[in-house]
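Contents: one structure, followed by commentary.
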Amino acid sequence: MNFAKLAIMRNDAAFQADLASRQNLFRLGLIRAVVLAGQALALVYFSFYKPIELPSSEIALVLAIYASVTIATANRGRVNIPIGNNEFFIHLLVDIFFFSILLYFSGGASNPFISYYLISISIAAIALPRLYTSVITIVALSCYSLLLKYHIPVSAIAPNHMGHSMAGNNLHIWGMWANFAISATIITYFVSRMASELRSQQQKISEHREQQLQDEQLLAIGTLAAGTAHELGTPLNTMKLLVDEMLLQQDENSDLRLLSQQIAQCKTTLKELQTTANESTSDAYSAQSLFGYFDQLFERWQLMRPELKATINYADSSIPAPDLRFHPTIAQSILNLLNNAADANPNLVEVLIDWTEAEIRIQIKDQGEGFDQADMDDLSKPFYSNKTEGLGLGLFLSQSTVTRFGGSINLQNCEDGGTLTTINLPINLIAENEVTK
């Protein structure tokens with residue numbers, strides 16, 4: 001299992017959103033290039049080969065400015081700054097603005113290319129949330145309406161030139177406007193809804209893929225852990241025998257007794273690993289009182305860290321302490337976080353247990369140096385550690401386990417120094433995949 005590859009493949013929502021925005025902006029640039037080329041060819045044709053009294057210089061100036069905007073947009077895609085919905089929305093407004101100016105100089109609403117407004121509306125409906133799409137639709141429809149009255153007439157494409165003889169705005173023009181309004185409304189409502197559903201489904205697929213990758217990581221780590229646990233049995237037995245013989249010769253040696261206790265704790269941990277693995281295959285977990293569960297957990301933790309100075313308190317709650325049915329892996333997750341706090345500073349770790357009718361909250365306050373804000377996003381990734389001898393697995397495994405059972409872990413730096421780790425656990429934890437069986 002290539003953990004580095006899996007870590008790279010992890011879905012990052014912000015990165016994916018920025019990548020999609022860059023791709024959309026690139027496609028918008030291609031559309032602009034096609035439109036510019038078509039407008040330029042039309043300008044040349046109707047100015048030199050078949051003149052129709054177009055204000056050529058004004059249109060050429062607008063096209064030149066629009067071309068410079070298109071080039072700037074292409075360069076914008078190379079800048080390493082995220083492209084958000086607001087920026088993409090502004091790009092579409094710019095397109096509508098320039099297109100409206102071109103239509104103003106070329107017949108206004110009588111220009112057969114007036115329906116190009118629908119392109120901008122369609123792009124907004126596909127790429128942007130519905131609110132942005134609605135604004136784009138209103139702006140486009142407003143520009144269309146203004147062009148009915150305010151424009152430079154071009155007799156060659158005016159409706160009365162084709163045989164219609166109604167003064168001012170005729171039925172043909174108003175029919176085109178009504179058709180545009182209906183089409184824009186349909187696109188805004190239905191296409192934006194379909195695009196929203198597709199984005200939602202894509203988000204769920206991405207989350208499911210990320211969960212699968214995380215499960216693969218956990219499976220690989222579990223396999224390695226099982227093999228490592230099996231290999232550690234022999235050297236631990238050897239050390240235990242040697243230390244016991246040395247204790248027989250030096251009964252008063254406190255260091256040897258401490259070493260013997262630690263070896264015994266290691267053997268107990270390996271034995272509990274096997275027991276936990278067996279219990280994990282069952283959906284029925286034995287009920288324990290809240291105080292009994294955490295007293296046993298903290299006793300085990302302090303045996304593992306004899307040098308530790310910790311204060312452990314239970315909140316004064318008016319709600320009776322519940323009985324807990326925690327999955328066996330939850331205890332190991334809490335221990336990982338307690339050990340992280342002890343590693344930060346063993347001189348003092350403060351633990352507070354609080355509860356409601358729905359969940360248990362565990363707050364762990366250490367007196368360490370805290371975390372750099374830049375490291376916060378990487379802390380829950382596998383094999384990332386800010387400790388010299390850390391493996392970078394404790395927080396990752398804890399986060400994965402607690403999240404799987406509907407809980408959460410939050411880390412934040414305290415104003416007076418140190419880190420506050422908050423664990424929220426729903427009572428009677430059941431994994432999502434077990435619920436759906």
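Some observations on this one:
- Of all residues in segment 134-161, those satisfying the criterion of being of a type in the set (A, V, I, L, M, F, W, C) and either touching a helix residue (DSSP H, G or I) at 6+ places or on another chain (Cβ under 7 Å) or not in a helix (DSSP H, G or I) (or both) are I136, V139, A140, L141, C143, L147, L148, I152, V154, I157, A158.
- Of residues in segment 72-92 being among the hydrophobic types (A, V, I, L, M, F, W, C), surrounded by 13 or more Cβ atoms within 10 Å (Cβ to Cβ) and farther than 16 Å from L102 by Cα, the one nearest to the chain's Cα centre (by Cα): I83
- D343 fulfils the conditions (1) farther than 30 Å from E415 by Cβ; (2) in a helix (DSSP H, G or I); (3) modelled with pLDDT of 80 or more; (4) of a type outside the set (S, T, N, Q) except for a single criterion, (1).
- Some residue of segment 360-370 being at pLDDT below 80, acidic (D, E) and not in a helix (DSSP H, G or I): yes
- Test for V154: is it among the hydrophobic types (A, V, I, L, M, F, W, C) and under 32 Å from the mean Cα position of the chain (by Cα): no
Conditions tested, residue by residue: (1) under 15 Å from T70 (Cβ atoms); (2) at pLDDT 80 or above.
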residue	(1), (2)
A4	no, no
I8	no, no
F15	no, no
R32	yes, yes
L41	no, yes
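- Condition broken by E58, with the remaining ones in (1) surrounded by fewer than 16 Cβ atoms within 10 Å (Cβ to Cβ); (2) over 15 Å from L103 (Cβ atoms) satisfied: (2)
- Filter pass, G417 being at pLDDT 55 or above and assigned by TED's automatic domain parsing to the domain that holds H327: yes
- Unmet requirement for S115, which otherwise passes all of (1) within 36 Å of the chain's Cα centre (by Cα); (2) at pLDDT below 90: (1)
Let's see how each residue does on (1) closer than 30 Å to Q202 by Cβ; (2) touching a strand residue (DSSP E or B) at 6+ places or on another chain (Cβ under 9 Å); (3) in a helix (DSSP H, G or I); (4) without any contact (Cβ under 8 Å) to a residue 40 or more places away in the chain:
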position: I81; (1), (2), (3), (4): yes, no, no, yes
position: F98; (1), (2), (3), (4): no, no, yes, yes
position: I121; (1), (2), (3), (4): yes, no, yes, no
position: Y132; (1), (2), (3), (4): yes, no, yes, no
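- When A321, A358, A315 are screened for being touching a strand residue (DSSP E or B) at 6+ places or on another chain (Cβ under 6 Å), over 19 Å from G418 (Cβ atoms), surrounded by fewer than 19 Cβ atoms within 10 Å (Cβ to Cβ) and in contact (Cβ under 8 Å) with a residue 24 or more places away in the chain, only A315 passes.
- Scan of segment 174-197 for residues that are closer than 21 Å to S106 by Cβ and at pLDDT below 75, ordered by number: G175
- For segment 291-312, filtered to residues that are in contact with a Phe, Trp or Tyr (Cβ under 9 Å, 6 or more places away or on another chain) and not in a helix (DSSP H, G or I), the residue that is surrounded by the fewest Cβ atoms within 10 Å (Cβ to Cβ) is I312.
- Meets criteria (modelled with pLDDT of 80 or more and of a type outside the set (V, I, T)) for A331: yes
- One residue alone among S206, S165 is modelled with pLDDT under 80 and over 42 Å from the mean Cα position of the chain (by Cα), and that residue is S165.
- Condition broken by I126, with the remaining ones in (1) assigned to a helix (DSSP H, G or I); (2) crowded, with 19+ Cβ neighbours inside 10 Å; (3) at pLDDT below 90 satisfied: (2)
The values are calculated or read from the model by the stated rules, or taken from the named source; none is laboratory data. All of these numbers come straight from a predicted model, not from anything done at the bench. In this analysis, Cβ positions are derived from the backbone assuming ideal geometry, glycine residues included, and neighbour counts consider all displayed protein chains.
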